[in-house]
Amino acid sequence: MQTKTILLTGASTGIGRASALLLVDEGYTVFAGIRRTEDAEALKNACPVDRASRLHPVLLDVTREEDIRAALATIDERSRDGLYAVVNNAGFNLNGAFEYTNEADARSLMETNFFGLAGLSRAALPLLRRYAASHPGETAKLVNIGSIGSYIGVPWEAYYHASKFAVLGLSEAMRHELWHERVRVVTVCPGGIKTDFIPKTERSLAAANAQLPGDAPDSYRSGLAKFGEAVGKATRFGAAPDAVAQRLRKVLASKHPRSQYVVGMDAGLFLGMRRLLPESWFHAVMRRQFTA
Ligand SMILES: NC(=O)c1ccc[n+]([C@@H]2O[C@H](COP(=O)([O-])OP(=O)(O)OC[C@H]3O[C@@H](n4cnc5c(N)ncnc54)[C@H](OP(=O)(O)O)[C@@H]3O)[C@@H](O)[C@H]2O)c1
């Protein structure tokens with residue numbers, strides 16, 4: 001019997017890797033996007049032998065149209081039912097003072113975090129629609145990984161937050177458009193998660209600080225340093241990637257998934273404060289935490 005098929009991006013490490021392995025455990029057939037062949041082998045090796053036949057690493061850089069086409073053609077060939085779900089997880093951070101962030105770097109971030117996600121979603125729609133059409137009473141799922149940074153703009157990673165706000169807006173609008181096609185669009189928004197994302201952020205911050213010109217405001221230098229300390233704490237207090245994988249498992253199993261989910265105590269706390277406190281209080285808290 002053919003099992004439900006999922007395409008998930010950014011499966012080499014972190015949330016994507018944990019999710020690919022958990023979803024295979026759950027009985028799904030998972031096409032897992034990676035960018036290097038050695039990551040395909042590592043992922044396969046991490047999967048129990050009796051399930052490995054349901055895990056298919058596919059070379060997929062979401063900024064490359066030819067990768068998207070090839071990955072979807074492979075799925076089209078192998079999955080008569082089309083795609084039950086797409087999970088757009090690939091993404092990265094870019095740190096620094098907005099004023100000194102290189103525009104080419106910012107555009108490259110948007111190419112992956114926003115346009116890559118949008119391009120893959122658009123290209124995958126025929127396969128999602130095919131699943132929905134051949135399973136009356138069921139819905140296909142398009143799940144986008146946002147962030148607590150989809151709701152709250154945090155200093156020193158302005159473009160990252162812009163990309164994640166954009167993901168949330170796109171997802172909400174798409175949810176309405178695709179409702180009658182029985183494709184449910186959901187955004188899952190994690191707080192701090194202990195993955196390579198955190199050391200990568202620390203490196204990106206250190207590079208941004210080192211590249212500040214001599215006449216940059218002192219408040220930038222001290223703010224970047226203070227933010228670096230806060231990021232370091234996420235290494236200790238962040239949730240495990242499995243927390244996001246478990247949320248994805250529930251979303252994918254749900255008949256009526258909500259449009260948005262927040263994952264992690266820190267994310268719940270920040271969003272609660274954002275919604276309950278007067279804006280000026282909340283912003284004062286943010287500045288005290290992350291600027292100097
Ligand atoms: N960790 C957190 O605290 C946190 C919080 C909120 C949201 N998120 C979001 O969660 C998602 C996963 O992050 P993570 O924490 O698991 O970090 P991670 O371990 O750094 O994983 C990021 C994944 O995205 C892939 N990727 C990056 N650019 C890509 C591209 N152009 N095409 C295809 N894949 C690409 C990476 O592949 P390579 O190995 O090939 O680079 C890697 O597999 C991201 O969207 C991130 O923004 C993370």
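Using alpha-carbon pairs under 8 Å, 6+ residues apart, how would you state the relative contact order of the range 138-226 in percent?
33
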Next item on the list: Run the dipole for the chain about the Cα centre, Lys and Arg Cβ at +1, Asp and Glu Cβ at -1, nothing else charged, and hand back the magnitude in debye, nearest 20.
Entry: 920
Checklist line | Scattering profile of the chain at q = 0.08, 0.09, 0.11, 0.16 Å⁻¹ [log10 I(q)/I(0), Debye over alpha-carbon scatterers] | finding: -0.35, -0.44, -0.65, -1.28
Notebook entry, point to check: Using 0.36 nm per residue, how much length does the chain from T291 to W179 gain when fully extended, once their Cα-Cα distance is taken away?
Noted result: 36.2 nm
Next item on the list: Express in whole angstrom the spacing between the alpha-carbon centres of the range 35-54 and the range 173-199.
Entry: 25
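Could you work out [θ]222 nm for the chain from helices alone, using -39500 (n - 2.57) per DSSP H run of at least four and dividing by all its residues? Round to the nearest 500 deg cm²/dmol.
My calculation for the chain gives -17000 deg cm²/dmol from helical runs alone.
We did not get these values from a lab; they are worked out from the coordinates using the rules stated. What you see is a predicted model; the values in this text were computed from it and never measured. Positions of Cβ are backbone-derived with ideal geometry, glycine not excepted, and every protein chain shown enters the neighbour counts.
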